[in-house]
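Each remark here refers to the structure printed beneath this line.
The values are calculated or read from the model by the stated rules, or taken from the named source; none is laboratory data. Keep in mind that what you see is a predicted model, and the values were worked out from it rather than measured. We place every Cβ from the backbone using ideal geometry, glycine too, and count neighbours over all the protein chains shown. Areas reflect the complete protein model, heavy atoms only, side chains present, ligands, DNA and RNA absent. Shrake-Rupley method; radii C 1.70, N 1.55, O 1.52, S 1.80 Å.
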Protein chains: 2
Amino acid sequence: MNNEELIKTVDFKKGGGLVPTIIQDFNSKEVLMMAYMNEESLKKTLQDGTTWFWSRSRNEFWNKGATSGNVQIVKNISVDCDGDTLLVEVVPKGPACHTGNITCFYRKINFEENSNE
Amino acid sequence: MNNEELIKTVDFKKGGGLVPTIIQDFNSKEVLMMAYMNEESLKKTLQDGTTWFWSRSRNEFWNKGATSGNVQIVKNISVDCDGDTLLVEVVPKGPACHTGNITCFYRKINFEENSNE
């Protein structure tokens, strides 16, 4: 799959132009955050190799880390089977979360009793 | 964080009752799929320890693997910083994807040239 094929494969219509995008650490495999891309922010991401999102609250493009320095270097981009979700593996230059946590998913419930695996 | 706190923390209003939910393999750390939970499907997931979603296309609850046998045993549930996304780590009993692929994110672009890490 190349860049052109990826852009064509993503179904931007389903979510009103926005596609949920999962950000995962390329090395640790930790899931860091979820944000939204529109077609133009996906193109910007493909062009400059750092993550670009569309901020639903500020209604503007958002180049992750442009202010904080915590940019995310893109290593892989995957699209799911029905084309409505993206997965981007990155090498982060700092915490993904505005709270300073490495990941936005820092509040967790453990179900370790579910050991029937 | 306990089950009650988790349910209170999740912002179901933002997405019209639905919260994007990332499913990750507990052991391999591979991201398997993304689906949507509403409050009731989160409660069902907490109760029986397998993943329950809300199907937007069929407009009904969807207990992953109930038909195929490819159930997902829940190990951890995390909520993100602003409460509008869930991350569920699971031990899957079979492929997550209806195509038979282990993950729904089987179509990938590599950016290995981005080596400035």
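Using Cα springs under 10 Å in a Gaussian network model of chain B, which residue among B:Lys75, B:Lys14, B:Lys43 shows the largest mean-square fluctuation? With Cα springs under 10 Å in chain B, the top fluctuation among B:Lys75, B:Lys14, B:Lys43 is at B:Lys14.
Karplus-derived 3J(HN,Hα) values for region A:56-67, using 6.51 cos²θ - 1.76 cosθ + 1.60 with θ = phi - 60°, are 6, 7, 9, 6, 7, 5, 9, 8, 3, x, 4, 8 Hz; glycine and proline are entered as x.
Once you have a ≥ b ≥ c as the square roots of the Cα gyration tensor eigenvalues for region A:3-92, tell me rounded if a/c is under 1.5, and otherwise prolate or oblate according to whether a/b is larger than b/c.
oblate
The label-point distance for A:Phe61 and B:Ser28, in a model that sets each label 7 Å from Cα toward Cβ, rounds to 3.6 nm. The accessible surface of region A:1-66, taken with every protein chain in place and a 1.4 Å probe, is 45 percent carbon and sulfur. Taken residue by residue and averaged, Cβ atoms of other chains lying within 10 Å of the Cβ of A:99-109 number 6.
The alpha carbon centroids of region A:12-78 and region B:52-100 are separated by 23 Å. Count the lysine pairs in region B:3-92 whose Cα atoms sit under 21 Å apart, keeping only pairs 8 or more residues apart in sequence or on different chains. Lysine pairs satisfying the spacing and distance rule in region B:3-92 number 14. In this structure the amide hydrogen of B:Met37, modeled in the peptide plane, comes within under 5 Å of the amide hydrogens of B:Val19, B:Thr21, B:Trp54, none closer than 5 places in sequence on its chain. Burial annotation for region A:1-48: residues with an accessible-area loss of at least 50 Å² between the isolated chain and the complete set of protein chains, computed on heavy atoms with a 1.4 Å probe, are A:Met1, A:Ile22, A:Val31, A:Met34.
Per-residue 3J(HN,Hα) values for region A:69-80, derived from phi via the Karplus relation 6.51 cos²θ - 1.76 cosθ + 1.60 with θ = phi - 60°, read x, 7, 5, 10, 7, 7, 10, 9, 10, 10, 10, 7 Hz in sequence order (x marks Gly and Pro).
With θ taken as phi - 60° and the Karplus curve 6.51 cos²θ - 1.76 cosθ + 1.60 applied, the whole-hertz 3J(HN,Hα) list for region A:34-41 is 9, 8, 10, 10, 9, 4, 5, 6 Hz, x standing for glycine and proline.
Counts of other chain beta carbons within 10 angstrom of each beta carbon in peptide B:69-81 average 5.
Helix-only mean residue ellipticity at 222 nm, chain A, DSSP H runs n ≥ 4 weighted -39,500 (n - 2.57), per residue, nearest 500. What is it?
On the way: 2 runs with 17 residues, N = 117.
Value at 222 nm, helices only, nearest 500: -4000 deg cm²/dmol.
Using a 10 angstrom cutoff on alpha carbons, build the Gaussian network for chain B and name the most mobile of B:Glu30, B:Glu39, B:Glu60. Looking only at B:Glu30, B:Glu39, B:Glu60, the biggest GNM fluctuation is shown by B:Glu60. In this structure, the amide hydrogen of A:Leu32, modeled 1.01 Å from its nitrogen in the peptide plane, lies closer than 5 angstrom to those of A:Ile23, A:Gln24, A:Asp25, counting only residues at least 5 positions away or on a different chain.
Accessible area per residue for the protein assembly as shown in Å², computed with a 1.4 Å probe and the full protein assembly in place, what is it?
On the way: 10670 Å² over 234 residues.
For the protein assembly as shown, the solvent-accessible area averages 46 Å² per residue.
Summed over both chains, the accessible area lost when A and B associate is about 4300 Å², using a 1.4 Å probe.
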